[in-house]
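Here is the structure we will look at.
Laboratory data are not the source of any read-out in this text; all were calculated from the coordinates shown. A quick note: this is a predicted structure, and the numbers were derived from the prediction, not measured. Backbone-built Cβ (ideal geometry, glycine too); neighbour counts: all protein chains shown.
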Amino acid sequence: MSGESTLEAARARDALDPLRGFRERFALPRDAHGEPLIYLCGHSLGLLPLAARELVIEELDEWARLGVQGHEHARRPWVPYHENLTAALAALSGAHPSEVVAMNSLTVNLHLMLASFYRPTGRRSRILMEAGAFSSDRHAVASQIAWHGLDPATALLELAPRAGEDTVPEEAIDACLREHGEEIALVLWPGVQFRTGQAFDLARIVRAAHRHGCIAGFDLAHAIGNTPLALHEAGADFAVWCSYKYLNGGPGAIGGCFVQQRHADAQPRQHHSGGLPGARLAGWWGHEQTTRFLMEPQFRAAAGAAAWQISNPPILAAAPLLASLAIFTEARMERLRAKSVQLSYFLEQLLQPLAEQVHLITPREKARRGCQLSLRIAGGAARGARVFAALAARGMVCDWRSPDIIRVAPVPLYNRFEDAWRFARALGEVLRESA
Ligand SMILES: *Cc1c(COP(=O)(O)O)cnc(C)c1O
C-alpha cells in the first residue's frame, strides 16, 4: 500500500483533525481482549456520551432527594425539562426554537403529525412516500390511511427507483407530483434514506409538494445530527426524528418533532368541550404551561410545536440526550459535517481497489449523502451475508440490511480515519478469503 492508503496516512489525518478529542468523550464497545471494536454503526445506535451517566444519576438522585417536589425543585425541574433540549434541537434541524419539541418516539410522533396533517378530502386523498421505506413508516402511513376509511392499495403511492437503480433522483419526485399532484394530500420523505444513505434536497421537495398543493413532511431519523438541516427556511410543514442514531441519545431515547410556525399559529388555541376539536390530538402536556395544573376541561394550547406534546416526558430517557446535545453544540455541526465529508470520501477511496467486488450504492456527490456508505458485495446476498459475518468476527461493527446491503457509517464525532482504514483492510482480507 502507498500514499493515502497506508495506516500512517490515516493516522496523519487523525493527528490533523481538530475534532479528534471528542472520541474520548464516548464509551467505545470493546472485544473480549479489551480492545476497542471498530464501531461504524452510529446510523443504528450512537455511542454513549460518558457525561450521560452523570446526568441520569443526577435525575435519580433528585428523585431520591425530592420525590414529587422534583417537578418544580430539581436542579433541572422536570415540568419544563424538555425545554433544556430545545435550543440544540432547533440548531440541528434549522428551526426556530418554538418549532421543535422533544417528545415520545419517532413512529408515535409520525402518527401525531399525520393526525394533524393528513386530511384527505375528495379527490386529494393520497400519500406519496418512497417504495422501500423503513417498515415502521410504511405501517404508520398505511394504518393512517385505513383509519380514514380509505384503502392503502389505492391511497398509498410508493415511488421506486428506476429498474436497475438503487436511488431516487429528486427529478423523479417532481415528475411524480406533476403527474399525480392533485390526488396527493401529503408527501412523506426521508432526509437520508436508511438503506442507501442517499441525502435529499428537502427544500426542493417542499417546493415541488407545495406547487401542487400537498403537505411536505419528513422523517429525519438518519439525517439529524448527520447532515445540516434548514427545516424552517425550506418551508417544511412537519418533521419527526428519533434521537438514538446520530444524536447518541441512547436506546429508546426521547424523539423529536418539528411543526412549521405558521401551522402552530393557525391551529385554534382553545378547544372547548363540545366545540371544534382542532386538528391535533391533545393531552395535558400540550396545554399552556402556566394554567396546565388548573386541570380545566378546556384545552388551551401551548405556543408552537410544544402544543403537540401529550404526556409528561420520560426524564430518564431525556437526560442522556442532554449530554449528547451539549457535545454537538460544542463541536458545531458545520465542523462535524466538514469532517464527515472528508471521512466518508477517505473510506470511499480506500474501497476503490475493491470496486470489482464492492459496489457502493450511496451517491458519490457529497451533497447527496451523509456519513453512511452502503455496500453491495458481488456474488449475491448469501456471499454478502458471509462477508458481513466475517467482518463482525474481526471486530468490525457495522450492519446488514436485507436483502444484500452492508451499511457502514464513519461518524465524525467518534470515528477516526484509522477506523476507516481498518475497516477497508478487513474488508479486503475477508473478500480474498471468501473469493
Ligand atoms: C430508526 C427508524 C425508525 C424507528 O422508529 P421508532 O419509532 O424510533 O422505533 C423509524 N423510521 C425510520 C426511517 C428509522 O430510520
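Each of 198, 66, 414 was placed along the dipole of the chain (beta-carbon charges, centred on the mean Cα), and the one lying farthest toward the positive end is 198. Across the range 221-237, coupling constants 3J(HN,Hα) worked out from phi with the 6.51/-1.76/1.60 Karplus curve, θ = phi - 60°, read 3, 9, 9, 5, x, 10, 10, x, 10, 9, 4, 5, 4, 5, x, 3, 7 Hz, and Gly and Pro carry x. Across the range 307-435, the mean sequence separation of Cα contacts (distance under 8 Å, 6 or more residues apart), normalised by length, yields a relative contact order of 25 percent.
Computed from the mean reciprocal separation of all distinct C-alpha pairs, what Kirkwood hydrodynamic radius does the range 114-180 have, in Å?
Working: mean 1/r = 0.0779 Å⁻¹.
The answer is 12.8 Å.
As a proxy for reagent exposure, ranking 295, 396 by other Cβ atoms within 10 Å from fewest up yields 295, 396. The slack in the chain from residue 150 to residue 381, taken as 0.36 nm per residue of separation less the alpha-carbon distance, amounts to 79.5 nm. Taken over the range 326-435, the convex hull of the Cα atoms encloses 101 Å³ per residue. In order along the range 348-360, the Karplus-derived 3J(HN,Hα) couplings, from 6.51 cos²θ - 1.76 cosθ + 1.60 at θ = phi - 60°, round to 4, 5, 5, 7, 3, x, 9, 4, 5, 10, 10, 9, 7 Hz, and Gly and Pro are given as x. Pairs of Cα atoms nearer than 8 Å and 6+ residues apart set the relative contact order; for the range 16-63 it is 34 percent. Taken along the Cα-to-beta-carbon direction at a fixed 7 Å, the label points for residue 123 and residue 64 span 6.6 nm.
Secondary-structure-derived ellipticity at 222 nm for the chain, considering helices only, amounts to -12000 deg cm²/dmol, per-run term -39500 (n - 2.57) for DSSP H runs with n ≥ 4. Ordering 84, 41, 145 by Cα displacement along the dipole of the range 1-147 toward the positive end leaves 145 in first place; charges were set at the Cβ atoms of Lys, Arg (+1) and Asp, Glu (-1). Please compute the contact order of the range 136-233 in relative form: average sequence separation of alpha-carbon pairs under 8 Å and at least six residues apart, divided by the residue count, as a percent. Reported relative contact order: 23 percent. If I take R0 = 22 Å and measure r between the Cβ atoms of residue 6 and residue 332 in this structure, what FRET efficiency does the formula 1/(1 + (r/R0)^6) give, to the nearest 0.05? Computed FRET efficiency for residue 6 and residue 332: 0.15.
Write down the percent of antiparallel bridges among all DSSP beta bridges whose residues are both part of the chain, to the nearest 5. Taking every DSSP beta bridge with both residues in the chain, the antiparallel ones total about 60 percent. Computed from phi, the 3J(HN,Hα) profile of the range 329-343 under the Karplus parametrisation 6.51, -1.76, 1.60 (θ = phi - 60°) reads 4, 6, 6, 6, 4, 5, 6, 4, 5, 4, 5, 4, 4, 5, 5 Hz, with x in place of Gly and Pro.
Mind checking the dipole of the chain: about its Cα centre, +1 per Lys or Arg Cβ, -1 per Asp or Glu Cβ, Debye to the nearest 20? Could you put the intermediate results ahead of the total?
Working: 45 positive and 45 negative charges, 34 e Å.
Dipole magnitude for the chain comes out near 160 debye.
Under 5 Å from the amide H of residue 41 lie the amide H atoms of 409, each residue being 5 or more positions distant or on a separate chain, with H modelled from the backbone and absent for Pro and chain starts. Shape summary of the chain, radius of gyration then Dmax from alpha carbon positions: 22.7, 75 Å.
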